[in-house]
Amino acid sequence: MIAANAQGLQGTVGLHEFCVLANEQVARDTFRLEISSLVAKRIQPGQFMNFAVPGDPTHILRIPLSFSHADAPDSHVTMYYVTVGEGTKRLSSMRTGDISTVVGPCGKGWRLPEDLSGRCLLVSGGIGLAPIAAAAGMLSDAGIAYDVIAGFQTAARIPERLISEMEPLLADDAKIHLATDDGSYGFAGFTTRLMEQLIAEHSYGCVLTCGPEVMMHGIAAICAREGIACQASMERMMGCGFGACGACNIPLVAGGYASCCMDGPVFDAKEVAW
Amino acid sequence: MVSGVNMAVNLGGIKMRNPINTASGTFGFGWQLEGFYDVSMLGAITTKGTSAVPWEGNPAPRLCEVTSGIMNTIGLANPGVAGIVEKFGAYLAGLEDRGCRVIMQAAGHSIEEYRDAVRLIEELAPFASGVELNISCPNIARGGRLVGGTPEDASEVVRAVRPLVSRPLLVKMAPVRVPEIAKACEDAGADALSLINTINAMSIDIHTRRSRLSKPTGGLSGPAIHPIAVRMVWEAARAVSIPINGIGGIATGADAAEMILAGATAVTIGTQNLPDPTAGPRILAELEQWAVEQNVSDINELVGAFEC
Ligand SMILES: Cc1cc2nc3c(=O)[nH]c(=O)nc-3n(C[C@H](O)[C@H](O)[C@H](O)COP(=O)(O)OP(=O)(O)OC[C@H]3O[C@@H](n4cnc5c(N)ncnc54)[C@H](O)[C@@H]3O)c2cc1C
Ligand SMILES: Cc1cc2nc3c(=O)[nH]c(=O)nc-3n(C[C@H](O)[C@H](O)[C@H](O)COP(=O)(O)O)c2cc1C
Ligand code: FES
């Protein structure tokens, strides 16, 4: 499409058809969606897509979702999502063979750490594990070792399927540490507490995190204290996902706002005014 | 013009290749949509409201979804006229060269701020075919009441700005006292009227008892407001003789056709662009198809052709 122009402004987000290959429940309120779509050829770890879910013309907005795995040659993309409201419930009723559209790839994703020799720590809260899985894939491809902390409210919400998809990529000495807020599985307590334990034992050059904002704020504070680089994948209510509406503002330490859908969703945690 | 129907319209001196325009604040600065289609096929685009100096806008959350619409409290966040021209000026000038009219929207919190914004647009954005004055902003000096919320106030701001603008001047009206304010704007020198802006509305999260936006109220837009907008366009068209730019909940060619029948010369797509970024070309094709079905050779024959 005509996109290049004098100022190098590039409309890089497109509209793509998708076909549902699988959409199945994998944990309490948690689904795994696999689609076939040409967006797979361009999407990078940490970027997201905006899904049109048919069936209710009174809800006009799309649903933004990150992905856990994209297979460019096969044009497959895998998402994990939690049914929190009307739109995600509607999404959970889509069946194999159903067709709709995604807008994407949206935003800027994870960046490889500057120090490629250091070890990384990936920290997720809830379904934030989906984009963290994509980050894990990116680090594995680059030959960078990492450990994972994945926190959940309770054991019933742990998507074992996603964890089993991540395990084969781990380095020999690496581990996925599971935590639950209610202590029903793994480490009992918040991911920040588990992170304090891990950083006391190992040295990490970089932390990548995605989860509830309060959790990421806590992770970012620990990283700031320890001088560890930290990237955080932020969430905002989105109108468009491609910079047209100005809805998705993230406050910056430097003053003013950045756009979550264009400058993010992945931000350098020390630039965010938490 | 595949169909043979003339789709070109003249919006108060802005010569558009077709009646499709995009609403301020819902289309970025145009380039964001180029990945979806060739934006120059549209009749015009309208920029986000731009002020003399950058405005940060409101805290999050700035947007929520309601039945058949959305509510926003973006707060006219923009990088200022100079910032916009520096970042996007070459793109916008190129869009004009490609045949799509660029309308720069001016915003302010006082008459002086509007005059400053318009002066800068005149100086820095000579490429734009038109200037749209958004008189739905709060007037800080007057306790935050709308800059153009009464015929007297609207007249005052349009008169103050008119001599500074060498190009066609559109006035973007709030959905209040439409016939009187429309007349006041025409008398004050507006070349065309754009309406409607969002309708002030409220949405409360009953669990937290808080507003679903960062402010108690926000502007409602989308299909929910379309019938109100059609009525207001019709009222404005009857009150004035300058052209009307019809805005409000246009999601299909049929919605656009309704606006034209009610008296709109141009039709402007807003909220629909957000979930449906190819809405512009689709609505244009549907509108042209409707003109063919109506058996006219010129879309202008259908402007105000509503019969009671
Ligand atoms: C960049 C990004 C990536 C995301 N990735 C994932 C993911 O991989 N898996 C996952 O389960 N969820 C993800 N989300 C969250 C997901 O988009 C929301 O849970 C979903 O939109 C809720 O829609 P709903 O109609 O079911 O709920 P609603 O009943 O509409 O709302 C429930 C909650 O979701 C939030 N929400 C609603 N609509 C939007 C929207 N358009 N944009 C952002 N937040 C919204 C509301 O503020 C509210 O807190 C992501 C969000 C963003 C912004
Ligand atoms: C996210 C958003 C931002 C907007 N920003 C502006 C603005 O800067 N200036 C303005 O005059 N109107 C603004 N509007 C109002 C639209 O231009 C339009 O008048 C209104 O939304 C009604 O049309 P619609 O229902 O097609 O969206 C905005 C609307 C939305 C949804
Ligand atoms: S969601 Fe519209 S600008 Fe980011």
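The values are calculated or read from the model by the stated rules, or taken from the named source; none is laboratory data. What you see is a predicted model, and the numbers here were worked out from it, not measured in a lab. Every residue, glycine as well, gets a Cβ built from its backbone with ideal geometry; the counts of neighbours run over all protein chains shown. Accessible surface is based on the protein model in full, side chains and every heavy atom, while ligands, DNA and RNA are left aside. Shrake-Rupley method; radii C 1.70, N 1.55, O 1.52, S 1.80 Å.
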Of everything in the stretch A:236-253 that's open to solvent by 20 Å² or more (accessible area, probe 1.4 Å) and under 14 Å from A:ASP268 (Cα atoms), which residue is farthest from the other protein chains (Cβ to nearest Cβ)?
-> A:VAL253
Residue in the stretch B:84-113 that is nearest to the other protein chains (Cβ to nearest Cβ), counting only those that are part of a loop (DSSP other than H, G, I, E, B) and open to solvent by 20 Å² or more (accessible area, probe 1.4 Å) | B:ARG98
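Per-residue answers, yes or no, for (1) in contact with a helix residue (DSSP H, G or I) (Cβ under 6 Å, 6 or more places away or on another chain); (2) modelled with pLDDT of 95 or more; (3) closer than 21 Å to B:LEU63 by Cβ:
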site	(1), (2), (3)
A:VAL39	no, yes, no
A:GLN44	no, yes, no
A:ASN50	no, yes, yes
A:PRO54	no, yes, no
A:VAL77	yes, yes, no
A:TYR80	yes, yes, no
A:GLY87	no, yes, yes
A:LEU91	no, yes, yes
A:GLY97	no, yes, no
Give the residues of the stretch B:235-293 that are within 16 Å of ligand 3 (Cβ to nearest atom) and assigned to a helix (DSSP H, G or I), sorted by residue number.
-> B:THR271, B:GLN272, B:ASN273, B:ALA279
Mind checking whether some residue in the stretch B:149-166 is touching a Ser or Thr at 6+ places or on another chain (Cβ under 7 Å) and either at positive phi or surrounded by 16 or more Cβ atoms within 10 Å (Cβ to Cβ) (or both)?
-> no
Hey, B:GLY69 hits all of (1) within 11 Å of chain A (Cβ to nearest Cβ); (2) open to solvent by less than 10 Å² (accessible area, probe 1.4 Å); (3) within 27 Å of B:GLU293 (Cα to Cα) but one; which does it fall short on?
-> (3)
Hits in the stretch A:61-75 - residues which are in contact with a strand residue (DSSP E or B) (Cβ under 6 Å, 6 or more places away or on another chain), in a strand (DSSP E or B) and more than 7 Å from ligand 1 (Cβ to nearest atom) = A:HIS69, A:ALA70
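Just to check your reading of the model, which residue among A:SER233, A:SER259, A:SER203 is open to solvent by less than 20 Å² (accessible area, probe 1.4 Å) and of a type in the set (S, T, N, Q)? Give the derivation first.
On the way: A:SER259 fails: open to solvent by less than 20 Å² (accessible area, probe 1.4 Å); A:SER203 fails: open to solvent by less than 20 Å² (accessible area, probe 1.4 Å).
Going through A:SER233, A:SER259, A:SER203 in turn, the sole match is A:SER233.
Which of the residues spanning the stretch A:113-132 are assigned to a helix (DSSP H, G or I) and open to solvent by less than 10 Å² (accessible area, probe 1.4 Å)?
Of everything in the stretch A:113-132, those that are assigned to a helix (DSSP H, G or I) and open to solvent by less than 10 Å² (accessible area, probe 1.4 Å) turn out to be A:GLY128, A:LEU129, A:ALA130, A:PRO131, A:ILE132.
I'd like the full set of residues that are surrounded by fewer than 21 Cβ atoms within 10 Å (Cβ to Cβ) and either in contact (Cβ under 8 Å) with a residue 12 or more places away in the chain or part of a loop (DSSP other than H, G, I, E, B) (or both), limited to the stretch B:294-308. Show your work before the answer.
Of the residues in the stretch B:294-308, the ones surrounded by fewer than 21 Cβ atoms within 10 Å (Cβ to Cβ) are B:294-298, B:300-302, B:304-308.
Of everything in the stretch B:294-308, those that are surrounded by fewer than 21 Cβ atoms within 10 Å (Cβ to Cβ) and either in contact (Cβ under 8 Å) with a residue 12 or more places away in the chain or part of a loop (DSSP other than H, G, I, E, B) (or both) turn out to be B:GLN294, B:ASN295, B:VAL296, B:SER297, B:ASP298, B:ASN300, B:LEU302, B:GLY304, B:ALA305, B:PHE306, B:GLU307, B:CYS308.
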Which of the residues spanning the stretch A:8-29 are more than 19 Å from the chain's Cα centre (by Cα), under 16 Å from A:VAL53 (Cα atoms) and open to solvent by less than 30 Å² (accessible area, probe 1.4 Å)?
-> A:PHE18, A:VAL20, A:ALA22
Hits in the stretch B:14-25 (condition: in a loop (DSSP other than H, G, I, E, B) and surrounded by fewer than 24 Cβ atoms within 10 Å (Cβ to Cβ)) | B:ARG17, B:ASN18
Which one of the conditions (1) surrounded by fewer than 16 Cβ atoms within 10 Å (Cβ to Cβ); (2) at positive phi does A:PRO168 fail to meet, given that it meets all the rest?
-> (2)
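Return yes when A:THR78 is open to solvent by less than 10 Å² (accessible area, probe 1.4 Å) and either away from chain B (no Cβ under 14 Å) or under 28 Å from A:ALA155 (Cβ atoms) (or both) and no when it is not. Give the steps one after another, and end with the answer.
Working: open to solvent by less than 10 Å² (accessible area, probe 1.4 Å): yes; either away from chain B (no Cβ under 14 Å) or under 28 Å from A:ALA155 (Cβ atoms) (or both): yes.
In short, yes.
One line per residue, one yes/no per condition, for (1) of a type in the set (A, V, I, L, M); (2) surrounded by 19 or more Cβ atoms within 10 Å (Cβ to Cβ); (3) assigned to a helix (DSSP H, G or I):
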{"residue": "B:ALA82", "(1), (2), (3)": "yes, no, yes"}
{"residue": "B:ARG115", "(1), (2), (3)": "no, no, yes"}
{"residue": "B:VAL118", "(1), (2), (3)": "yes, yes, yes"}
{"residue": "B:ILE121", "(1), (2), (3)": "yes, yes, yes"}
